[in-house]
Amino acid sequence: MTHFNVDCLITGAGMAGLTAARILQAQGLNVVVLDKGRGIGGRMATRWTDNDAGGRARYDHGAQFFTARDAAFQTQVDDWLARGLAKEWARGFSGASGQPQHDGHPRYSAVNGMNSLARDLARDLAVTTNARVDSISPQEQGWRVRRAQGDHHTAASILLTPPVEQSLALLDAGATTLADDTRAALERISYDPCMALLVELDAPSRLPEPGAVQLRGEPLGQPLVWIGDNHRKGISPDAFTVTVHAGPEFTRAHWDAPHEIIAQRLLQAANDWLRVPVKRWYVHRWRYSQPVVTHPDACLFTTQPAPLAFAGDAFGSSRLEGAFLSGRAAAHLLLNR
Ligand SMILES: Cc1cc2nc3c(=O)[nH]c(=O)nc-3n(C[C@H](O)[C@H](O)[C@H](O)COP(=O)(O)OP(=O)(O)OC[C@H]3O[C@@H](n4cnc5c(N)ncnc54)[C@H](O)[C@@H]3O)c2cc1C
């Protein structure tokens, strides 16, 4: 089946793709967003499991909280705060010593898990999940996008928001050639991986206020960078759930290790902050967790061979705010050209 007449096809329903889609659609463009995931949100990820008591155990397992430094993102955050979708969680987290390190700057969280903010951004948009893009090829006046299911879209312009290595693979699969300097700029971008351990405890964790520690991790010889209590954050009222993130060195060294080994090592490292019997755990591997080498501009736009923008947290500033600003910048460039 072929779907025609899309002004802009966006690959990726994370923060960058959804932000861009909202702006483009508000300006009257016909926009379609495709995401390979079962749900939307990308790294704004929240997992639910049923627990023994008939309630739900909930975990934010990608982004844990967010900050707002730019006025445009603050406006978005203020809207979420006003509608009760987000709240201020803290003004800093404890380090390894357990002493709070407040810097006066708000850290926000989503009241119902990070993913609920992605679902809010996706309202009224044409977003299709379980829709893996396989290849992107130039054609006369735009692009032809092939999906894994075999059907096609045609689009006047494309916005790519997956991790850049994956975006380049889609273009390669469609025999799309980029200018040498564009390709070189994109190939410079790189990401760290992150191993996440999701743990349900029998009783409340012993994490200090506000229910999380941000750790230096590997320079100090221990593998953890974050332990966050989802129950204390408020997203898991029915279950004592904790999210543990390992640093990139541990993650790379254990990428192919059995889950039992990963869980055992990370639980051991987190023991001082948990000290409660563990009911169950899950391991999640983030291959592209956060960018380490970013592109200096908020997005990269080219018209060769046809209008094409790259956006996401690897463009401009990183993290959720960076992804928002990047999606916004890409939308404005696509509109202006
Ligand atoms: C473990 C971890 C902890 C983090 N902690 C924080 C934090 O505390 N605070 C913070 O601000 N940020 C944090 N981040 C970073 C933050 O989550 C990201 O910066 C932000 O979510 C990136 O949004 P994005 O839209 O650029 O990319 P993504 O959210 O990755 O969206 C890209 C989307 O593209 C889709 N996709 C990829 N390939 C295809 C394809 N072929 N076809 C269709 N769809 C495709 C993916 O499924 C995905 O949904 C964390 C990230 C991780 C992984």
- Across the range 256-337, how large is the tail of the calculated P(r) beyond 20 Å, expressed as a percent of all Cα pairs? 55
- Message: Can you give me the angle between helix 164-173 and the longest principal axis of the chain, using Cα atoms only, in degrees from 0 to 90, rounded to the nearest 10?
- Response: 40
- Task: May I ask you to evaluate 6.51 cos²θ - 1.76 cosθ + 1.60, the Karplus curve with θ = phi - 60°, for each residue of the range 11-19 and list the ³J(HN,Hα) values in order in whole Hz, giving x for glycine and proline?
- Result: 9, x, 9, x, 4, 5, x, 5, 4
- Across the range 178-221, how large is the tail of the calculated P(r) beyond 17 Å, expressed as a percent of all Cα pairs? 65
- Between 0 and 90°, nearest 10: helix 259-274 axis offset from the chain longest Cα axis: 60
- Item | For the range 205-262, projected area of the alpha-carbon convex hull averaged over all directions, nm² | 4.7
- For LYS87, go through the aspartates and glutamates and keep the ones whose alpha-carbon is under 13 Å away, minus same-chain ones fewer than eight residues off. ASP78, ASP79
- Just ARG47, ARG319, ARG280 to compare: in a GNM of the chain, with alpha carbon springs under 10 Å, which one fluctuates most? ARG280
- In terms of the charge dipole of the chain, which places +1 on Lys and Arg and -1 on Asp and Glu at the beta carbon, the residue among PRO248, ALA118, TRP273 farthest towards the positive end is TRP273
- Task: Please give the peptides 29-38, 228-237 ranked by average Cβ packing (other Cβ atoms within 10 Å per residue), highest first, as a rough proxy for protection.
- Result: 228-237, 29-38
- Message: Under the 0.36 nm per residue contour assumption, what length would be gained going from the current alpha-carbon distance of VAL276 and ASP78 to full extension?
- Response: 67.6 nm
- Item | log₁₀ of I(q)/I(0) at q = 0.06, 0.13 Å⁻¹ - the chain, Debye sum with one point per alpha carbon | -0.22, -0.99
- Query: Can you list the lysines whose alpha carbon sits under 26 Å from that of LYS279, skipping same-chain ones fewer than 8 residues off?
  - Reply: LYS233
- Using the Karplus equation 6.51 cos²θ - 1.76 cosθ + 1.60 (θ = phi - 60°), what ³J(HN,Hα) coupling, rounded to whole Hz, does each residue of the range 210-217 give in order, writing x for Gly and Pro? x, x, 6, 10, 10, 10, 6, x
- Query: Which three extents, in whole angstrom, do the alpha-carbon atoms of the range 1-144 cover along their principal axes, largest first?
  - Reply: 61, 43, 29
- Query: Quick one: length gained pulling ASP70 to ALA173 fully straight, 0.36 nm per residue minus the C-alpha distance?
  - Reply: 33.4 nm
- Phi angles of the range 46-62, converted by Karplus (6.51 cos²θ - 1.76 cosθ + 1.60, θ = phi - 60°) into ³J(HN,Hα) in whole Hz with x for Gly and Pro, give 10, 10, 10, 9, 7, 9, 4, 7, x, x, 10, 9, 10, 9, 7, 10, x
- Item | Magnitude of the charge dipole, the chain, Cβ model with Lys/Arg +1 and Asp/Glu -1, debye to 20 | 440
- Task: Tally up the carbon and sulfur contribution to the accessible surface of the chain as a whole percent, 1.4 Å probe, everything protein left in place.
- Result: 46
- Query: Any idea what angle helix 319-336 forms with the longest principal axis of the chain, computed on alpha-carbon atoms, 0 to 90 degrees, nearest 10?
  - Reply: 10
- Charge-dipole axis of the range 245-333 as Lys and Arg at +1 and Asp and Glu at -1 on Cβ define it, positive-most pick from HIS284, GLY312, CYS299: HIS284
- Query: Just ASP238, ASP124, ASP192 to compare: in a GNM of the chain, with alpha carbon springs under 10 Å, which one fluctuates most?
  - Reply: ASP124
- Note on the structure: Candidates GLY174, GLY217, GLY28; GNM for the chain (alpha-carbon contacts under 10 Å) flags as most fluctuating GLY28
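The values are calculated or read from the model by the stated rules, or taken from the named source; none is laboratory data. Keep in mind it's a predicted model, so treat the numbers as computed, not measured. Cβ: placed from backbone, ideal geometry, glycine included. Neighbour counts: every protein chain shown. The area values use the complete protein model at the heavy-atom level, side chains included, leaving out ligands, DNA and RNA. Shrake-Rupley method; radii C 1.70, N 1.55, O 1.52, S 1.80 Å.
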